[in-house]
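Let me begin by presenting the structure, written as structure tokens, before commenting on it.
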Amino acid sequence: MKKLFFLLSIFLLLLSTVFYAQEKTIQDKNGQNECLNCHKSDENLPDDFKSYDVHITAGLTCADCHGGDPTSDDEDIAMSKKNGFVGVPSRKDIPQFCGRCHSDFKFMKNYRPEVETDQVKQYYTSIHGIQLKKGDKNVAVCTSCHTAHSILPPKDPRSSVYALNVPATCNKCHGDKKLMDKYNLPSDIYKKYVNSVHGIDLLKNKDVTGAPACNDCHGNHGATPPGVSSIVNVCGTCHVNNYNYFKASKMGKDWEGDNDYHGCVTCHNNHDIKKPNDSFVGVGDDALCSDCHDKGDKGYEEAKKIHQELTNLSTLYDSAKVKLIKVKQLGMDDISIGFMLKDAHQAMIKARTTVHTFSSAKVAELTVPGIKIANNAIKKADEEISDYHTRRYGLGAATIAILILIIGLYLKLKGLNKPEA
Amino acid sequence: MSQTRRKFINTILGIGGLGSLGAILYPLVSYLIPPKITEAKVNSVKAGKADKFKDNSYKIIKFGREPVILIKTVNGNFKALSATCTHLQCIVQYRKDLKEIWCACHNGLYDLNGKNISGPPPRPLKQYDVKIVKDEIIITR
Ligand code: FES
């Protein structure tokens, strides 16, 4: 009984400590922060310190992370180990250090209930985390990406992990040739990405909601290169139609599993993805199909046909567009032609996506109606152009008629004024 | 004035007069019976009767040179938005099953306020105003 009582009291004591600790932090929200006062006046603040840091604005004090007593302006008391002062954590301890709060759902609920609390767990599944555990001190820890004292939520444009800033943040390490050489990793990924279709869309066009930054494909806390088998799935999260067509295709099935073909990247690359054009498919000099398919094989012939289908439509579409411009310039009715061209354009865009079925018949299901629409648009444009000319001739004829009338009137008047002989 | 001369002048006057009359009347008649062309620069279009429009359905309307998607939601509210997908300019549709706006080209999705919510579209769809005047649906810029 005595033993049970003893154990129970220890349990209650521990429980109260936990509650106290939790309460304390929340109370500190409005509490003193003598650390900041002294460090400020001594001009001894961390280099990256910003007063807009999310922890500071949430009312946390330096001591909430670094320990110690923030109410005392006496250095010995404030920074005494007795008061729990930990100072600057060692690099290898940083994930656990941040995780004291960020892995504690109950605690985080008080500040950001929507934020996940498994980042540390995820981190240790990442290459960074695995290497850190092995004692590698070069790898990224929380502060490498989030900074230590100017942390902001990812939606804040000032944040180092705001979508537009992510590529540059990753590039701090991944662009360091000396560091990357140690791991046999390329250091030109950022350069490639910046000029890629994704990079241009994100960094130039500022498409923060659509274009992917590094973390959209690699994950963030659990960052790893997508596995060979998951590349298609990763690209497929945004490129859904391409994914569905590819997965259902024979090529998609043949490429599954362990082989030299890694889904989308085999043709499109990974970091330097270029905006595709019709010459990618086919057997021409720029065609990617001919990297694997040789003259005479089925794939070669199919690629040739697909290219032909796309070219037929796009050539006709382009000439219809030129005619549309002419109709517009002549001031004739271009609206219905414009709408026809929108339909032809839609067929063309869809046909280009259907390329991922690798079937010329499927592509033709879209190009053939597209060609018909484009032809109709051209016909209508020709009618408008000829109508314009008819009007001009009409104007000419009207001018001549009026001229004749004037001459006739003139002669008549002249005759009237002449005295009878 | 000789007989021939008078005849000649009268013929000239006849031809000139008739031609001029034609030149005046043709544009007049064409103005009164105009061909069926939509105006290019419009600020509002009529889109039919409101009570004939079924709930949870849509129509693509020609708003000058722009296609506009007019949707009647399940709650009977009208929404009009630009129908040109902000990704590669395909024409969007309303998906009755999803109750969202969908682009078939690359599976882009927008909510009923035009916000791009999934897939490749980079920007939202522009919204138009819809007014019902005496049961007539009027879409304005
Ligand atoms: S054109 Fe609409 S999603 Fe691509």
Residue among A:Gly252, A:Gly299 that alone is in contact with a Phe, Trp or Tyr (Cβ under 6 Å, 6 or more places away or on another chain), open to solvent by less than 40 Å² (accessible area, probe 1.4 Å) and in a helix (DSSP H, G or I): A:Gly252
One residue from A:Tyr245, A:Tyr162 being open to solvent by 70 Å² or more (accessible area, probe 1.4 Å) and of a type in the set (Phe, Trp, Tyr): A:Tyr245
Across the stretch A:339-368, the tally of residues that are of a type outside the set (A, V, I, L, M), within 14 Å of chain B (Cβ to nearest Cβ) and open to solvent by 20 Å² or more (accessible area, probe 1.4 Å) stands at 9
Please verify whether B:Val130 is under 23 Å from A:Ala351 (Cβ atoms) and assigned by TED's automatic domain parsing to the domain that holds B:Phe63, treating the condition exactly as stated. no
Which one of these is over 24 Å from A:Ile306 (Cβ atoms), open to solvent by 40 Å² or more (accessible area, probe 1.4 Å) and more than 8 Å from every other protein chain (Cβ to nearest Cβ): A:Leu324, A:Leu395, A:Leu409, A:Leu403? A:Leu395
Among the numbered conditions (1) open to solvent by less than 60 Å² (accessible area, probe 1.4 Å); (2) in contact with a Pro (Cβ under 8 Å, 6 or more places away or on another chain), tell me where A:Ser150 comes up short. (2)
Pairs needed: first member in the stretch A:328-341, modelled with pLDDT under 90; second member anywhere, among the aliphatic types (A, V, I, L, M) and crowded, with 21+ Cβ neighbours inside 10 Å; C-beta distance under 8 Å; at least 6 residues apart or different chains. A:Asp333/A:Val327
Does A:Asp272 satisfy being touching a Leu at 6+ places or on another chain (Cβ under 7 Å), under 29 Å from B:Asn116 (Cβ atoms) and in contact (Cβ under 8 Å) with a residue 40 or more places away in the chain? no
Kindly evaluate B:Lys115 against the criterion of being within 14 Å of chain A (Cβ to nearest Cβ) and within 16 Å of the ligand (Cβ to nearest atom). yes
When you scan the stretch A:195-230, how many residues do you find that are part of a helix (DSSP H, G or I), over 8 Å from the mean Cα position of the chain (by Cα) and over 17 Å from A:Val161 (Cα atoms)? 6
Flagged in the stretch A:69-97 as open to solvent by less than 40 Å² (accessible area, probe 1.4 Å) and in a helix (DSSP H, G or I), in numbering order, are A:Ala78, A:Ile94, A:Pro95, A:Phe97
If you check every pair at least six apart or on different chains, which have Cβ atoms under 7 Å apart with a residue in the stretch B:109-128 that is free of Cβ contacts under 8 Å to residues at least 40 places away in the same chain first and a residue that is charged (D, E, K, R) and in a loop (DSSP other than H, G, I, E, B) second? B:Gly114/B:Lys126; B:Asn116/B:Arg123; B:Ile117/B:Asp111; B:Pro122/A:Asp207; B:Pro124/B:Lys115
Please specify each residue of the stretch B:103-112 satisfying the condition of being more than 12 Å from the ligand (Cβ to nearest atom) and touching a Lys or Arg at 6+ places or on another chain (Cβ under 6 Å). B:Leu112
A:Pro46 passes all but one of (1) surrounded by 16 or more Cβ atoms within 10 Å (Cβ to Cβ); (2) in a loop (DSSP other than H, G, I, E, B); which number fails? (1)
What number of residues within the stretch A:138-147 are part of a helix (DSSP H, G or I) and open to solvent by 30 Å² or more (accessible area, probe 1.4 Å)? 4
Select from the stretch B:76-102 the residues that are within 13 Å of the ligand (Cβ to nearest atom) and within 21 Å of the chain's Cα centre (by Cα) and list them in ascending order. B:Ser82, B:Ala83, B:Thr84, B:Cys85, B:Thr86, B:Gln89, B:Cys90, B:Ile91, B:Val92, B:Gln93, B:Ile101
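The values are calculated or read from the model by the stated rules, or taken from the named source; none is laboratory data. Computed from a prediction, not measured in an experiment: that's the story for all the values here. For neighbour counting, all protein chains shown are included, and Cβ atoms are generated from backbone atoms with ideal geometry for every residue, glycine included. Accessible surface is based on the protein model in full, side chains and every heavy atom, while ligands, DNA and RNA are left aside. Shrake-Rupley method; radii C 1.70, N 1.55, O 1.52, S 1.80 Å.
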